[in-house]
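**Student:** Quick one: the structure is below, and I'll ask about it shortly.
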Amino acid sequence: MAQAVLSQVGLSSFQLCSSPVHAPSSSQNNLTCKVSFCESSTLHHSFLGERAALRALPAARTACLRRLDIQSRVATNPVNLEAATEPPINLYRPKEPYIARIVSVERIVGPKAPGETCHIVIDHGGNVPYWEGQSYGVIAPGENPKKPGQPNAVRLYSIASTRYGDSFDGKTASLCVRRAVYVDPETGKEDPAKKGVCSNFLCDAKPGDEVQISGPSGKVLLLPEDPKATHIMVATGTGIAPYRAYLRRMFMEDVPNYKFTGLSWLFLGVANTESLLYHDEFTEYLKRFPDNFRYDIALSREQKSRSGGKMYVQNKIEEYGSEIFELLDKGAHIYFCGLKGMMPGIQDSLKAIAEERGLKWEDKLAELKKNKQWHVEVY
Ligand code: FAD
Ligand code: A2P
């Protein structure tokens, strides 16, 4: 087992240092291994050199097993969550929301991540079922600052768990929420009067707190049923949420009518090593399902693109352009979730690859949309 954990550390180190243009200094090299471990139910991220990682192995091993016991697939319940032929849509409206309860709120990024992202588990008691790729609406308590006397407006959050939830019983939904803060460009200081209403409510919530939810909503990112399909998933930051759900359904859960034998290729763009989201789960899938899962990371503030700029997720797409086009030609689905701002860069990258292959990108895009291979949910 110690060997297995070590190879996981080695693999993530390789993944992070494999940029062809970025030559990390030896000190950087030592710091790119990541070991995460739990301590009394809180996840801490440690960024350790290889020797330190070795010393930390026993703790990492026991904790990872506790948190990520996916050596065998996990049984899911209730079976009738697979019965419907159409996804549930808007079971609860923002004006008459379902009152759910917070189970847990956990910071899932390291201390040096710019910004805070939390994993939030919500108990809906099985009353607000959803499918992988859908979103919930959340209505923060209090008055709408823009419309005095009225409740806060609903905000949408992609659901980061499968329909069975993180407790595999169909009673919870998990969200991956980045706290929205406003930083004054002149002083560089946060302005608490301008902090985002709903994300701060969620990230500050405590177990047992009430949370008003609406939905579920969204059909764009529903996971196609074909268990042999190829999925190319592109995320920036919290855009990872729907893919965490897909990947748990594919590689973690034992779902009788969904035995995944296709290929899933995840491209994740975050700021730095400490901002990586659900990295433990993904590296575990790499280790266990090397023929069915690929995982590429762009660290905008630690790696450089070929042109010397920030390494964004679209630069990774460009790097693997030919392979991606070949998969698309064979019917792969491609998904984009996260920052709206990534889409122009993504389109530029794909256009460049299309032209190299003698294709007109506009025609290829129209074909992908027509064949329902192109799925975009950006915000
Ligand atoms: P708001 O109160 O709406 O404020 C918005 C922004 O304005 C903030 O950055 C805030 O700092 C700034 N601001 C507020 N007041 C002022 C002011 N007076 N002057 C200047 N600036 C100000 N987000 C996630 O974190 N995770 C997800 O999985 C996710 N999924 C989404 C899925 C969909 C389909 C969509 C549409 C959005 C999703 N979002 C997600 C974004 C989310 O819905 C919210 O928009 C986000 O959390 C910000 O909401 P808020 O209430 O915290 O901020
Ligand atoms: P950066 O903020 O360095 O410019 P996170 O939530 O961890 O910050 O992840 C969001 C990631 O998306 C960051 O790496 C951020 O980079 C990156 N990003 C910001 N703008 C774009 C864009 N236009 N295209 C692609 N990635 C972007």
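The values are calculated or read from the model by the stated rules, or taken from the named source; none is laboratory data. It should be emphasised that the depicted structure is a prediction, and the values quoted were computed from it without experimental measurement. Because the Cβ atoms are built from the backbone with ideal geometry, glycine has one as well, and the counts that use them run over all protein chains shown.
**Student:** Yes or no: Tyr243 modelled with pLDDT of 95 or more, of a type in the set (Phe, Trp, Tyr) and within 15 Å of ligand 2 (Cβ to nearest atom)?
**Tutor:** Working: modelled with pLDDT of 95 or more: yes; of a type in the set (Phe, Trp, Tyr): yes; within 15 Å of ligand 2 (Cβ to nearest atom): yes.
Criteria met by Tyr243.
**Student:** Are any residues in the range 127-149 under 15 Å from Pro242 (Cα atoms), within 10 Å of ligand 1 (Cβ to nearest atom) and touching a helix residue (DSSP H, G or I) at 6+ places or on another chain (Cβ under 9 Å), and if so, which ones?
**Tutor:** Gln134, Ser135
**Student:** If you check Lys340 against the conditions, is it within 16 Å of ligand 1 (Cβ to nearest atom) and either surrounded by 12 or more Cβ atoms within 10 Å (Cβ to Cβ) or without any contact (Cβ under 8 Å) to a residue 60 or more places away in the chain (or both)? Talk me through it step by step, then tell me what you get.
**Tutor:** Details: within 16 Å of ligand 1 (Cβ to nearest atom): yes; either surrounded by 12 or more Cβ atoms within 10 Å (Cβ to Cβ) or without any contact (Cβ under 8 Å) to a residue 60 or more places away in the chain (or both): yes.
Judged against the criteria, Lys340 is a match.
**Student:** Please verify whether the range 114-124 includes one or more residues that are surrounded by fewer than 13 Cβ atoms within 10 Å (Cβ to Cβ), touching a residue at least 12 places away in the same chain (Cβ under 8 Å), outside any helix (DSSP H, G or I) and at positive phi.
**Tutor:** No.
**Student:** What's the number of the only condition in (1) within 19 Å of Gly338 (Cβ to Cβ); (2) of a type in the set (Lys, Arg); (3) buried (at least 22 other Cβ atoms within 10 Å of the Cβ) that Arg179 fails to meet?
**Tutor:** (3)
**Student:** Same structure, new question: For the range 150-164, give me each residue that is surrounded by fewer than 21 Cβ atoms within 10 Å (Cβ to Cβ) and farther than 16 Å from Ala100 by Cα.
**Tutor:** Within the range 150-164, Gln150, Pro151, Asn152, Ala153 meet the criteria.
**Student:** Filtering the range 132-149 down to residues that are assigned to a loop (DSSP other than H, G, I, E, B) and touching a strand residue (DSSP E or B) at 6+ places or on another chain (Cβ under 7 Å), which residue is surrounded by the fewest Cβ atoms within 10 Å (Cβ to Cβ)? Give the derivation first.
**Tutor:** Taking the range 132-149 first, the residues assigned to a loop (DSSP other than H, G, I, E, B) are 132-134, 140-142, 144-149.
From what's left, touching a strand residue (DSSP E or B) at 6+ places or on another chain (Cβ under 7 Å): 134, 144, 149.
Numbers: Gln134: 25, Asn144: 14, Gly149: 6.
Out of the qualifying residues, it is Gly149.
**Student:** Does Gly358 satisfy being more than 16 Å from ligand 1 (Cβ to nearest atom), under 18 Å from Ala235 (Cα atoms) and surrounded by fewer than 18 Cβ atoms within 10 Å (Cβ to Cβ)? Let's see the steps before the verdict.
**Tutor:** Numbers: more than 16 Å from ligand 1 (Cβ to nearest atom): yes; under 18 Å from Ala235 (Cα atoms): no; surrounded by fewer than 18 Cβ atoms within 10 Å (Cβ to Cβ): yes.
Answer is no for this residue.
**Student:** To continue, here is another question. Name every residue in the range 93-105 that is surrounded by 15 or more Cβ atoms within 10 Å (Cβ to Cβ) and in a strand (DSSP E or B), in order of residue number. Let's see the steps before the verdict.
**Tutor:** Step one: filter the range 93-105 for residues surrounded by 15 or more Cβ atoms within 10 Å (Cβ to Cβ), giving 94, 97-98, 100-105.
Once the filter is applied, which keeps residues that are surrounded by 15 or more Cβ atoms within 10 Å (Cβ to Cβ) and in a strand (DSSP E or B), the range 93-105 yields Tyr98, Ala100, Arg101, Ile102, Val103, Ser104, Val105.
**Student:** Within the range 123-141, work out how many residues are farther than 27 Å from Val79 by Cα and out of contact with any Phe, Trp or Tyr (no Cβ under 8 Å at 6 or more places or on another chain).
**Tutor:** Here the count works out to 1.
**Student:** Could you tell me whether Pro227 is within 22 Å of Pro256 (Cα to Cα) and in a loop (DSSP other than H, G, I, E, B)?
**Tutor:** Against the criterion (within 22 Å of Pro256 (Cα to Cα) and in a loop (DSSP other than H, G, I, E, B)), Pro227 qualifies.
**Student:** While we're on this one: How do the helices (runs of 4 or more DSSP H) wholly within the range 234-331 filter down when requiring 2 or more residues that are farther than 19 Å from Pro114 by Cβ, without any contact (Cβ under 8 Å) to a residue 12 or more places away in the chain and over 17 Å from the mean Cα position of the chain (by Cα): which remain?
**Tutor:** Correct list: 321-329.
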